Amino acid sequence: MRQLILFRHAKAEPSRLGLEDHDRALALQGWDDAPRVARATLARGGQPDLILCSTARRCRQTLEAVEDMYSGISVEFRGELYLAEPNRMLSLAVQAAAETGASKVMMIAHNPGTRELATRLSPMGSILASNMRRSFPTASMAVLQRMDSAQDDWDLASFITPADLRNLS
């Protein structure tokens with residue numbers, strides 16, 4: 001696996017009494033933010049050949065909001081991604097890449113695991129990584145490039161948040 005794209009699900013509706021967290025739907029803002037961030041990430045080289053998506057409704061709907069940009073790409077829905085720990089997320093990505101031959105894997109998942117994994121793999125010192133460590137909002141995407149296949153050296157190629165794109169408008 002040469003590239004790992006971590007996509008935190010888009011903004012979801014607040015929790016409600018009687019509604020399981022797993023079943024929370026996207027908010028209108030989430031439906032707007034996800035495609036804008038996906039387009040910007042694609043423009044910067046974040047093109048997966050495999051997508052692993054949590055089975056949580058908000059993750060499935062995040063994928064639905066961007067699916068026209070990723071047509072023809074294999075998608076696997078994984079219950080294990082729901083609130084997964086960073087080590088588990090990385091092992092799922094590595095295993096899926098090995099099984100399918102994918103070199104660029106996208107994961108649509110949740111915080112804190114998404115932010116923690118991106119933070120762990122990112123080199124210290126860059127402004128981009130520093131911003132990401134501070135906040136990994138909903139609908140944000142981090143693109144990590146593997147520097148050396150023999151080592152676990154990664155570089156944070158891009159980190160895009162919905163606010164970054166609103167500030168450009």
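A few comments on the model shown:
- Hits in region 17-30 (condition: free of Cβ contacts under 8 Å to residues at least 60 places away in the same chain and under 22 Å from GLY113 (Cα atoms)): GLU20, ASP21, ASP23, ARG24, ALA25, LEU26, ALA27
- Residues being crowded, with 23+ Cβ neighbours inside 10 Å and more than 11 Å from ALA10 (Cα to Cα) - total across region 52-63: 3
- Filtered residues of region 44-74 (kept if closer than 13 Å to MET107 by Cα and touching a residue at least 60 places away in the same chain (Cβ under 8 Å)): GLY46, THR62
- Some residue of region 67-82 being assigned to a helix (DSSP H, G or I), surrounded by fewer than 16 Cβ atoms within 10 Å (Cβ to Cβ) and of a type in the set (Val, Ile, Thr): no
- Checked against the criterion of being within 20 Å of ARG78 (Cβ to Cβ), aliphatic (A, V, I, L, M) and at pLDDT 90 or above, region 151-167 has no qualifying residue.
- The numbered conditions (1) farther than 22 Å from SER158 by Cβ; (2) touching a Gly at 6+ places or on another chain (Cβ under 6 Å); (3) touching a residue at least 60 places away in the same chain (Cβ under 8 Å) are all true for ILE5 except (1).
- Residues that are in a loop (DSSP other than H, G, I, E, B), aliphatic (A, V, I, L, M) and closer than 18 Å to HIS110 by Cα occur in region 27-43; there is at least one.
- Subset of region 1-48 [under 25 Å from LEU90 (Cα atoms) and surrounded by fewer than 18 Cβ atoms within 10 Å (Cβ to Cβ)]: ARG2, ASP21, HIS22, ASP23, PRO35, ARG39, LEU42, ALA43, ARG44, GLY45, GLN47
The values are calculated or read from the model by the stated rules, or taken from the named source; none is laboratory data. These numbers were taken from a predicted model, which means no experiment stands behind them. Virtual Cβ from ideal backbone geometry, glycine too; neighbours counted across all protein chains shown.
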